[in-house]
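Q: Below you will find the structure I want to go over with you.
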Amino acid sequence: MTGDGFGRRFAIRFPDGTAEIGPVVDLRDADAPVIPTGSQLRRAIRAGCPSRPDAPAVHAPAPGRVHAHVSRLASDTTIRTRPALAAVASDRGIETPYDDDLVDSIRSLRALPPAPVDDRELREARRQAAETGAETERLRERVATVRGRLAALRDAPSSDAEALTAAEASLSETTRRLSEVATERVAAAQRLSLLEERARTARDRRDARLRLEDRIGNLERMIREARVDAVADGFRDARHALVSQIRDADGGIDVSETSSDLVDALAVTRIAPVRAPVVVASDVAEALGGPDSAFDRLGAPLLIR
């Protein structure tokens, strides 16, 4: 076993109180009366401590990003290799030329204040502005009509005093109403102008947000690609070595250097800074030469089941 074994030590406590410690815990030899299933072990690794009394507890460093891709190594393992390699590079702290731009873009997006537009309020403001405008024009025409009638009555040789009084009262009332509606029209126009300006600002901010979101998405894709490229050579070397080692071990695992999810997952594990335990099927461990040899070849803490 490599000298890094002490740094990869972890402990697993079973519900009956028994525990196993080491960089490698072979559950085939565990003293616990009931051995947890693989899914229970993976949940315990993700959850950490404390845990329920009836569930296993794993005392280990928190899983990194790559752990989700290699938490279980078995003959039927599947893996999305490129996302897994990007996670390896992230866990290794590999930087790319796009990191600062991404940070700045995310900061700009978070600093951009939301500017929601209430379309109903804007529609109502437009309706009110149109109605007050139409009513103002109607009253202006009414004032002109009443004023003309009043002038005619005053110029008549024998004017009807009652009709003249009624025309004067009508002109006064219509003029007063026109003044009120004209004031309402100004207020409605000002409110509409304010809401339209807010809507333009909201659209500008929405467009700016969409541009930033697109930029962030593009930068994230470029960062993933750069990270994959940064670890690709190491991954290929690890994969080639593991294929030879598995064939030499003659552990009954059928692998191909050109296509095997299991070999991809093993190579990802080998080049990743894995600190949380990985659940390994017993036939995979044997294909790697046994528990100690599997640890040496993968460089990760292992729970063999």
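The values are calculated or read from the model by the stated rules, or taken from the named source; none is laboratory data. Predicted model only: the values in this text are computed from it and were never measured. Every residue, glycine as well, gets a Cβ built from its backbone with ideal geometry; the counts of neighbours run over all protein chains shown. Note: areas computed on protein heavy atoms with side chains; ligands, DNA, RNA excluded. Shrake-Rupley method; radii C 1.70, N 1.55, O 1.52, S 1.80 Å.
Q: Residue 272's amide H: which non-local residues (gap 5+, or another chain) put their own amide H closer than 5 Å, with H modeled 1.01 Å from N in plane and none for Pro or chain starts?
A: none
Q: Separate question: Taking only protein heavy atoms into account and a 1.4 Å probe, give the accessible area per residue of segment 119-216 in Å².
A: Normalised by residue count, the accessible surface of segment 119-216 is 68 Å².
Q: Determine the sum of side-chain charges near residue 56: Lys and Arg each +1, Asp and Glu each -1, restricted to other residues whose C-beta is under 13 angstrom from that of residue 56.
A: Overall, the nearby charge balance is +3.
Q: For the chain, set up a Gaussian network in which alpha carbons nearer than 10 Å are linked by springs, and say which option among 154, 236, 205 fluctuates the most.
A: Checking each option, the largest mean-square fluctuation is seen for 154.
Q: Another question, if that's okay. Can you list residues from other chains, or at least 5 along the same chain, whose modelled amide H is less than 5 Å from the amide H of residue 280?
A: Result for residue 280 returns 73, 303, 304, 305.
Q: What's the carbon and sulfur percent of the chain's accessible surface, probe 1.4 angstrom, rounded to a whole number?
A: 48 percent
Q: Which whole-number percent gives the relative contact order of segment 119-216, counting Cα pairs below 8 Å spaced six or more residues apart? Don't skip to the answer; put the middle values down first.
A: Details: 48 pairs, mean separation 41.0, N = 98.
This gives 42 percent for segment 119-216.
Q: Hey, another quick one. Quick check on packing: order 265-272, 119-126, 71-78, 292-299 by the mean number of other C-beta atoms within 10 Å, highest mean leading.
A: Highest-to-lowest ranking by the protection proxy: 265-272, 292-299, 71-78, 119-126.
Q: A further question on this structure: Here are some values of Cα Rg over 2.2 N^0.38 Å: (1) 0.98; (2) 2.02; (3) 1.04. Which one was computed from this structure?
A: Among (1) 0.98; (2) 2.02; (3) 1.04, the one derived from this structure is (2).
Q: Can you tell me, using C-alpha contacts under 8 Å and at least 6 residues apart, the relative contact order of the chain as a whole percent?
A: Result for the chain is 31 percent.
Q: Which number do you get for Rg(Cα) / (2.2 N^0.38 Å) in segment 119-216?
A: It is 1.85.
Q: Let me ask something additional. When the helix-only estimate is applied to the chain (DSSP H runs of n ≥ 4, each -39,500 (n - 2.57), divided by the residue count), what is the mean residue ellipticity at 222 nm, nearest 500 deg cm²/dmol?
A: -21500 deg cm²/dmol
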